[in-house]
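Novice: Mind looking over this structure? Questions follow.
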Amino acid sequence: MVITRIEPLSCAKVAGTLYAMVGVAIGAVVSVIALAGGFGSDSAIGAGAGALVGVGAIVVFPLLYGGIAFIATVIVVWLFNIAAGMVGGIEVQVK
């Protein structure tokens, strides 16, 4: 079996979804750190800023990671299709 072409949008949807899940995990870590820093602050403004950054990380990181992965995957798969057309693709052995 030889892979000679990959559908770019199909692959990009999968990669974007996977990286969005990674973004949720990273956003959760950043959120916990920001909330801890905000609660450790002596002022109400610092606590509010920590909470805002924490909630923002849960929303922004998945969108950012997923969006960048989607775009990058479309480009990389497009380049793969060009290269596979020149050299013949990737040979895969399946049982």
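Laboratory data are not the source of any read-out in this text; all were calculated from the coordinates shown. Being a predicted model, the structure only gives us computed values, none of them experimental. A quick note on method: Cβ atoms are made from the backbone with ideal geometry, for glycine too, and the neighbour counts reach across all protein chains shown.
Novice: So what is log10(I(q)/I(0)) for the stretch 2-91 at q = 0.11 1/Å, when the Debye sum runs over its Cα atoms only?
Specialist: Listed by q, the Debye log ratios stand at -0.47.
Novice: Given an 8 Å cut-off on Cα distances and at least 6 residues of separation, report the relative contact order of the stretch 2-91 as a percent.
Specialist: 48 percent
Novice: Roughly how many nanometres apart are two label points built 7 Å out from the Cα toward the Cβ at A72 and V2?
Specialist: Distance between label points: 3.0 nm.
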